[in-house]
Amino acid sequence: MTVYKFKVSFEDYDDVVREIDILSDQSFMDLHHCILRSVKFVADAGASFFMSNDRWVKGHEIALDKPLKPNGEQVTRMQDALLRDYIIDPHQKIFYLFDFVAQWNFHVELVRILPSSDLSVQYPVCMKSTGVPPKQKTDPPVPKGVTPKAGETEDARTLPDDEAGKKGG
């Protein structure tokens, strides 16, 4: 079985790089989960892969769970898309977006095609890890001027006293 070796990097953090080996007959869903595990992110948000050209221009979308585009056009789903059906270039570039709110952007680049797999390896696997990934922000940002009270959770936010009087006046 053919193995694809991908170099995965954050768009905004050049020093964080992962090398992932994955079988050509595995799905984009497998790649999605391997990338998130490799950077210690929790798979709690939407995501899409975009087949790209050499300048990272987004092309065909392969989405986690979005069945239709806003214009009603069908979207390919990750679990239905095998890598071998989309890799058309020996240096294929794929733009990966995780969490449509936080906008974690990754560059996924095919760097090598290995003719056969190692039977002792369970694919997909992160073969090399360089750099410390940023922490995934799971809480929404706190709006300016709003602070959580001591002992309350992040979701229980209050306005400063001088702002509270202005609300509902």
How many residues of segment 4-19 are within 14 Å of Q92 (Cα to Cα) and either β-branched (V, I, T) or buried (at least 19 other Cβ atoms within 10 Å of the Cβ) (or both)? The answer is 3
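Against the condition assigned to a strand (DSSP E or B), β-branched (V, I, T) and closer than 17 Å to M78 by Cα, how does I62 come out, does it pass?
So I62 fits the description; yes.
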Just checking, does segment 112-121 include any residue being among the aliphatic types (A, V, I, L, M), touching an Asp or Glu at 6+ places or on another chain (Cβ under 9 Å), outside any loop (DSSP other than H, G, I, E, B) and surrounded by fewer than 17 Cβ atoms within 10 Å (Cβ to Cβ)?
yes
Residues (touching a helix residue (DSSP H, G or I) at 6+ places or on another chain (Cβ under 8 Å) and part of a strand (DSSP E or B)) located in segment 83-96:
Y96
G72 - would you say it is modelled with pLDDT under 95, assigned to a strand (DSSP E or B) and of a type outside the set (F, W, Y)?
no
Scanning segment 32-47 for residues that are within 14 Å of A102 (Cβ to Cβ) and out of contact with any His (no Cβ under 8 Å at 6 or more places or on another chain), the one surrounded by the most Cβ atoms within 10 Å (Cβ to Cβ) turns out to be V39
For segment 4-48, which residues satisfy the criterion of being assigned to a strand (DSSP E or B) and either of a type in the set (D, E, K, R) or at pLDDT below 95 (or both)?
K5, K7, R18, E19, D21
Might you check whether a residue that is buried (at least 16 other Cβ atoms within 10 Å of the Cβ), over 14 Å from the mean Cα position of the chain (by Cα) and under 21 Å from V121 (Cα atoms) occurs anywhere in segment 49-68?
no
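The values are calculated or read from the model by the stated rules, or taken from the named source; none is laboratory data. Because the structure is predicted, anything quoted here is derived from the model rather than measured. Glycine also receives a Cβ, built like all others from the backbone with ideal geometry; neighbour counts cover every protein chain displayed.
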